[in-house]
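Only the coordinates and a few stated rules stand behind these numbers; no lab work does. Only a predicted model underlies this, so the values are computations on that prediction, with no experimental measurement involved. Here the Cβ positions follow ideal geometry from the backbone for every residue, glycine too, while neighbour counts run over all protein chains shown.
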Ligand SMILES: Nc1ncnc2c1ncn2[C@@H]1O[C@H](COP(=O)(O)OP(=O)(O)OP(=O)(O)O)[C@@H](O)[C@H]1O
């Protein structure tokens, strides 16, 4: 591999320099701002948690499902932002937002009071119920009645907030409807916005197809495709789950990861859930620790948030977007603008469970371009076939940024994005990647296997960690067509006790 001279990306890609450079810089600045904000918030939460004993959040001392590993010295200097929260969302723009403030992260971790600070006007106007972004301003203790008052729910607190909704924990006060409800439910209150409501219909349709499948969070209401509504907000009522995997990782695996038996159990359950998705022709398309819910005894995991789900037989849904899935969990074929398949979920599952074990994000790139660099550092070069497909897609879809160039003689040229030290502008280095590894000058990262072995605790058997590494490698084939089939993955020796 040779590192050629830096060339301006505008020259290489034929893009307007100003537009692209400004956008990249804006993204990075926004990412930094969000990271700082999130970190501050998490530090506050952690401080609050330390002073309160929070008995309902502690793992029972005799609990065996999720044994926590001893801290390892080699992780002592791990980046603190990873310990706090794995993922940035800097390329997830909220196009529906009317302000520049980012959408908040999950409000779990016991911050149930976050919802009661809102006030309402005396008039029955939408703005009395919604904030500027169209989120429902839930007030602790208020009653929400649905289905002609046959169901009454009392708001206990906001437990999650995403781009599409706020998720509110509610207790069931009364229920004379034909659907039985548990005493506590999760109410997903979609933002007041036409596009959001349409997305919610997609989620509703998907969930109704999948309802009853193991590993998928059960939707309690609505039972038909007629949406439930409250003050102009579409509502979905789910079984309430105490945690998500991000919470669990922060609470029990900060910087060191979770125990191997816990990771193995979660991995198996997620692969089984993926087989149900495949059976119903559904790609989740946003699997990450935040969207994997965990039961109060930590033994069961379930996939949530089907707002981005793709129905493979519905051609209008198979749109090409290089920003599908949150970046750290995004499969290479998405970055390259190829058509997403079930294999993108397998990729996201594999990087999520590897993160659970490592206590650290597996591929940490600040942009799609950096993600590609990370992939090649860890997993080697892309095949010619994949590069050719990428170049074809670049011609067809304007959103797909050209990341490689075909090259005579050389294997291919990767257009690595960097920032010019003098001008601060984005520039591209042309990295000519040779096929033969002995000629590689590419700074290879520590192989995943080594990272896993380093993260292993004294309690973990080396043999099983190596089996885990082998299975992960098979799930993380750069070429999506080479990834291990789900059935085979479930039969892998890693799962044989
Ligand atoms: N059934 C549930 N029980 C408890 N908490 C839940 C439940 N469903 C969702 N949550 C919490 O709410 C958060 C947001 O939910 P969800 O991801 O469905 O919302 P969204 O608005 O679609 O988010 P995104 O921005 O990821 O698209 C989740 O990360 C999770 O922490």
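Details
- Which of 283, 184, 484 has the fewest Cβ neighbours within 10 Å, and the rest in rising order: 184, 484, 283
- Fewest neighbouring Cβ atoms within 10 Å first, the residues 148, 131, 290 line up as 148, 131, 290.
- The mean of 1/r over all distinct Cα pairs in the range 243-495, once inverted, gives the Kirkwood hydrodynamic radius of 19.1 Å.
- Across the range 142-239, counting alpha-carbon atoms alone, Rg and Dmax equal 12.5, 33 Å.
- Working from label points 7 Å from Cα in the Cα-to-Cβ sense, the residue 432 to residue 125 distance is 6.6 nm.
- Spin-label model distance (nm) - residue 321 vs residue 239, 7 Å beyond Cα toward Cβ: 3.0 nm
- Averaging over all projection directions, the Cα-based convex hull of the range 299-436 occupies 11.1 nm² in the image plane.
- In this simple spin-label approximation, residue 458 and residue 295 carry label points 7 Å from Cα along the Cα→Cβ vector, and these lie 3.2 nm apart.
- Measuring nothing but how far apart in sequence close Cα pairs (under 8 Å, 6+ apart) lie, relative to its length, the range 142-239 scores a relative contact order of 24 percent.
- The slack between residue 279 and residue 423, meaning 0.36 nm per residue of separation minus the straight C-alpha distance, is 46.6 nm.
- Extended-chain gain in nm, criterion 0.36 nm per residue less alpha-carbon gap, residue 406 and residue 496: 28.0 nm
- Each of the peptides 239-245, 354-360 was scored by the mean count of other Cβ atoms within 10 Å over its residues; in descending order, highest first, they stand as 354-360, 239-245.
- Fewest neighbouring Cβ atoms within 10 Å first, the residues 373, 329, 135, 323 line up as 323, 373, 135, 329.
- Compared with the direct C-alpha span, the chain from residue 445 to residue 145 gains 102.5 nm at full extension, assuming 0.36 nm per residue.
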